[in-house]
Amino acid sequence: MDDLERPISAIGTAAFTTDAAGIDVIKLSGEIDISNVESLRGAIEPVLEHAPNRVDFDLSALDFMDSSGIALMLRVAAKTDTVHLRGPSTLVRRMMEATGLSDVLLIEP
């Protein structure tokens, strides 16, 4: 049963870069859930202050995300024209497609 237990407070990080095309990229890693989403939201807000036209989330190092992570990405989508998801896991990809959010949060391979 120990394998199924989740830590009380998940560890998630957000790192920022700009790719060669000048697109803001937010790399999310670890786990994102209700226990840490507020701190990640605070870390992401500075990227949105200059009102970018497009923001990409690199999800290649994301191990777990609950609905609070989706809400975080939708908050970013509300403040920019386009949001792309780079390298989501199969589970995250299926979640976006099943909820119909793949029309708002565009999935890249």
Restricting region 25-45 to residues that are touching a helix residue (DSSP H, G or I) at 6+ places or on another chain (Cβ under 8 Å), β-branched (Val, Ile, Thr) and part of a strand (DSSP E or B), which is surrounded by the fewest Cβ atoms within 10 Å (Cβ to Cβ)?
ILE26
Subset of region 7-24 (residues that are surrounded by fewer than 12 Cβ atoms within 10 Å (Cβ to Cβ) and either assigned to a loop (DSSP other than H, G, I, E, B) or touching a residue at least 24 places away in the same chain (Cβ under 8 Å) (or both)):
PRO7, ILE8, SER9, ASP19, ALA20, ALA21, GLY22
Listed residues ASP63, ASP24, ASP19, ASP56; which is in contact with a His (Cβ under 8 Å, 6 or more places away or on another chain) and closer than 19 Å to PRO109 by Cα?
ASP56
Give the residues of region 46-83 that are part of a helix (DSSP H, G or I) and at pLDDT below 90, sorted by residue number.
PRO46, VAL47, LEU48
Candidate set: region 27-45, residues that are farther than 24 Å from PRO109 by Cβ and of a type in the set (D, E, K, R); chosen: the one modelled with the lowest pLDDT:
GLU45
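The values are calculated or read from the model by the stated rules, or taken from the named source; none is laboratory data. Since the structure is predicted, the reported quantities are computational estimates derived from the model, not experimental observations. Every residue, glycine among them, receives a Cβ derived from its backbone with ideal geometry; neighbour counts consider all protein chains shown.
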